[in-house]
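Remarks on the structure that follows.
The values are calculated or read from the model by the stated rules, or taken from the named source; none is laboratory data. Nothing here was measured: the structure is a model prediction, and the numbers come from that model. Methodologically, a virtual Cβ is constructed for each residue, glycine included, from the backbone with ideal geometry; neighbour enumeration extends over all protein chains shown. All accessible areas refer to the heavy atoms of the entire protein, side chains included, with ligands and DNA or RNA removed. Shrake-Rupley method; radii C 1.70, N 1.55, O 1.52, S 1.80 Å.
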Amino acid sequence: MPITTCIFDAYGTLFDVAAAARIAAAEPGRGALATAWPQLAEHWRLKQLQYSWLRGLSGHYCDFWQVTQDGLDWALEATDLTGDPELRERLLALYWELQAYPEVPQMLTSLRAAGLNTAILSNGSPRMLDGAVQSAGISALLDDVLSVESVGIFKPAPQVYDLVKQRFDCNRDEVLFVSSNGWDAGSAAAYGFTTAWVNRAGDPMDRLAGTPDHILTDLTNVPALTRL
């Protein structure tokens, strides 16, 4: 069946998650962060994901904002940047203001012009996602923002992907799911979505039950995938 609905992961896919550390590092008086921010950003993101998986497996769900804070605390300790409460608060504040990647507005505009449904499906809490969407100025280009908070478990649990059918009343093969996380794209493929993995870093393919149908270096060509 033709693609009718395009669903996007949020963090790392539409929004640049490294931006918080990068912006803070460029501010005056951040000498220690200026050299360590790439490692901090990498650790922060990895722990944010790992904690969501572990909480899902153990049945100890909490909202993504708690996971985000816990991941940052680990990353600050790992990069010897503890002991500066102001830095911690600044990094967390910047996470609410993440900017979209440059190609996102035009890509979403093209999908909307083609009459396709567009939405976010994210581990993020509704308030976090609203902050990012508003900051990036893309709210008018999305039909909805779906959060795992409504089912109380993080991706890649199938209950999360079920939210798409519940919202748009579509078949799985009508959905193009786009994520920068290889594990997310692979899991969505195993679920039955057509998937695109945005592999900006050139990482190896994750060995999972499903394999992404498409591999992209950015989001520019997403509209073309809906016409294949």
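Structural remarks
- Condition met for Asp162 (more than 19 Å from Cys62 (Cα to Cα) and open to solvent by 20 Å² or more (accessible area, probe 1.4 Å)): yes
- Positions within region 178-223 being under 25 Å from Ser110 (Cβ atoms), open to solvent by 20 Å² or more (accessible area, probe 1.4 Å) and in contact with a Pro (Cβ under 8 Å, 6 or more places away or on another chain), in sequence order: Ala189
- Residues being open to solvent by 20 Å² or more (accessible area, probe 1.4 Å), within 28 Å of Pro158 (Cβ to Cβ) and not polar (S, T, N, Q) - total across region 57-77: 8
- Within this structure, Ala93 fails the test of being assigned to a helix (DSSP H, G or I) and touching a residue at least 12 places away in the same chain (Cβ under 8 Å).
- Matching entry among Asp80, Asp84 (being surrounded by fewer than 17 Cβ atoms within 10 Å (Cβ to Cβ), more than 28 Å from Ile138 (Cβ to Cβ) and either touching a strand residue (DSSP E or B) at 6+ places or on another chain (Cβ under 9 Å) or modelled with pLDDT under 95 (or both)): Asp84
- Among the residues of region 23-56, those identified as open to solvent by less than 60 Å² (accessible area, probe 1.4 Å), among the small types (Gly, Ala, Ser) and either without any contact (Cβ under 8 Å) to a residue 60 or more places away in the chain or under 15 Å from Gln69 (Cα atoms) (or both) are Ala25, Gly31, Ala34, Ala36, Ala41, Ser52.
- Restricted to region 1-22, and to residues there that are surrounded by fewer than 22 Cβ atoms within 10 Å (Cβ to Cβ) and hydrophobic (A, V, I, L, M, F, W, C), the residue that is farthest from Arg90 (Cα to Cα) is Met1.
- Residue pairs whose Cβ atoms lie under 7 Å apart, sitting 6 or more positions apart in sequence or on different chains, and linking a residue in region 57-77 that is over 22 Å from Ala19 (Cα atoms) to a partner that is part of a helix (DSSP H, G or I), are Tyr61/Arg55; Cys62/Arg55.
- Close contacts from region 150-161, counting a first residue that is closer than 18 Å to Leu129 by Cβ and a second that is open to solvent by 40 Å² or more (accessible area, probe 1.4 Å) and of a type outside the set (A, V, I, L, M, F, W, C), with Cβ to Cβ under 7 Å and a gap of 6+ residues or different chains, come to Val151/Gln159; Gly152/Tyr61; Ile153/Tyr61; Ile153/Gln159; Phe154/Arg55.
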